[in-house]
1. For residue 125 and residue 85, compute 0.36 nm times the residue count separating them, minus their Cα-Cα distance, and round to one decimal in nm.
2. Under a plain spin-label model, where a point goes 7 Å from the Cα along Cα-to-Cβ, how far apart in nm are residue 35 and residue 18?
3. How far, in degrees from 0 to 90, does helix 9-22 lean away from the longest principal axis of the Cα atoms of the chain, to the nearest 10?
4. Only helical DSSP H runs with n ≥ 4 go in: add -39500 (n - 2.57) per run for the chain, normalise by residue count and round the 222 nm mean residue ellipticity to 500 deg cm²/dmol.
5. At R0 = 45 Å, how high is the FRET efficiency between residue 157 and residue 69 if r is their beta carbon distance? Nearest 0.05 is fine.
6. I need the Kirkwood Rh of the range 107-171: take the reciprocal of the average 1/r across all distinct C-alpha pairs and report it in angstrom.
7. What does the chain give for Rg and for Dmax, in Å, if only its C-alpha atoms count?
């Protein structure tokens, strides 16, 4: 396959699911004094990439940032290895808003169950009063699967991936 040949929506979908399953943590991007601030967080995705969930402490700087400004990003990347070209690592950049998920929300129990299935060692933290679940509601996704394999999607049609061609830079 040529570098510029686009993958099908199904192939792109399978690739992001694979990346999300292989990589359990990402960089949460919040705003601190109007500037990007990155924090390492564990996450679990919803049914599509347009929703992700994090369980974080109210004592953490990023939680304070979320309470002041709900705009958020999540960056997920496969790990770098000496045999890999760092520029060709699979990675996904998502942008949206964060919303506190209250314990009485209709999906709270299901999200907690899925989170604990992925991170069983965090069970104790669900008993800590300062920890909360947050729902990250993403509007846009930028997925890079290697050279010439960058894709864009938005939450209105999360399974429709647009192959990013050079003239689409900066969307």
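1. 10.7 nm
2. Placing both labels 7 Å along Cα→Cβ, they lie 3.8 nm apart.
3. The helix 9-22 is inclined about 50 degrees to the chain.
4. -6000 deg cm²/dmol
5. Numbers: r = 27 Å, r/R0 = 0.60.
Once rounded, the FRET efficiency stands at 0.95.
6. Result for the range 107-171, one decimal place: 14.9 Å.
7. 16.6, 53
Read-outs throughout are calculated quantities, based only on the coordinates presented, and are distinct from any laboratory measurement. It should be emphasised that the depicted structure is a prediction, and the values quoted were computed from it without experimental measurement. Here Cβ is always computed from backbone atoms with ideal geometry, including for glycine, and neighbour counts include all displayed protein chains.
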